[in-house]
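Report on one structure; see the data block that follows.
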């Protein structure tokens, strides 16, 4: 899945680096650390051999150094190598970083300077940001939306020469959330467990990650989408009996997303499976499995009231109204309101 930023994507940078086309400066910034770490590690891996790294790889940390010290490191010459690499981690905390604008005006051709600026972006109006963009590559790593996570997971698994079924993908993404580093780690664990070339399914998730293939938020949504009262209540009962493996807030988030998507589906210009999928930015599989069946059981007005009930439950779980109802009882009440 490509991450675009000012015309440059993660795949663009990887492709150029793999071809040996190194820029003098890489400013990697944004809220999603996964791509920043991946790119910086890949640059080091491709720019220097293991033997060259002893003398030509410098790792600096923003809170422990200054902009002037970064420039001094970058202006050194490589030792018995074509280039040196200077990586500045936590560059967002680098004191006097504005002086890097002067270095960017005339960077060392034998240095690859990598600035890892996490938890935010540079102000594009500053002189430093403008000079960095002129001298090299500025890449912004944005957080993925929940609907983008399955695409990330499928692409990641394919690059590792394995496959993952849609239901297993959905279960894992909903369990892990938008922490791409953790999601990639869980996928790596599953790929090793099933072996390259094999398929990760819901049973694999249960066996190796510990998420029940029958009792999870994804299956709760599936039960609610067809008003399967027995299955929905069985899942709620399982949640209440296993408090260590369940939390209310992630479940409310999943339910809110599902019913919000369904509300949007009523306004899709084309009411076909693919038309709704395109409108929601989801796969046709997701629409076919849950959205379309649910639209036959719930009116738009009912969905509107369900969303309000989810919000009320969220507030009650955080103490709004002074109630002290347990999370399990709150979920039980919410599911009753949804189904009736």
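Scanning segment 191-207 for residues that are surrounded by fewer than 16 Cβ atoms within 10 Å (Cβ to Cβ) and in a helix (DSSP H, G or I) yields 192, 193, 203, 207. Regarding residue 313, is this residue in contact with a helix residue (DSSP H, G or I) (Cβ under 7 Å, 6 or more places away or on another chain), closer than 20 Å to residue 253 by Cα and not in a helix (DSSP H, G or I)? In short, no.
Residues that are within 29 Å of the chain's Cα centre (by Cα) number at least 1 in the following helices (runs of 4 or more DSSP H) confined to segment 1-91: 10-18, 33-47.
Check segment 209-223 and report whether any residue there is surrounded by fewer than 16 Cβ atoms within 10 Å (Cβ to Cβ) and more than 17 Å from residue 303 (Cα to Cα). For segment 209-223, residues surrounded by fewer than 16 Cβ atoms within 10 Å (Cβ to Cβ) and more than 17 Å from residue 303 (Cα to Cα): present. Looking at this structure, is residue 135 buried (at least 16 other Cβ atoms within 10 Å of the Cβ), at negative phi and modelled with pLDDT of 95 or more? No; evaluated as a whole, the condition is false for this residue.
Of all residue pairs spaced 6 or more apart or on separate chains, none has beta-carbon atoms under 6 Å together with a first member in segment 285-302 that is not assigned by TED's automatic domain parsing to the domain that holds residue 266 and a second member that is surrounded by fewer than 18 Cβ atoms within 10 Å (Cβ to Cβ).
The values are calculated or read from the model by the stated rules, or taken from the named source; none is laboratory data. It should be emphasised that the depicted structure is a prediction, and the values quoted were computed from it without experimental measurement. So basically every Cβ, Gly included, is an ideal-geometry build from the backbone, and we count neighbours across all protein chains shown.
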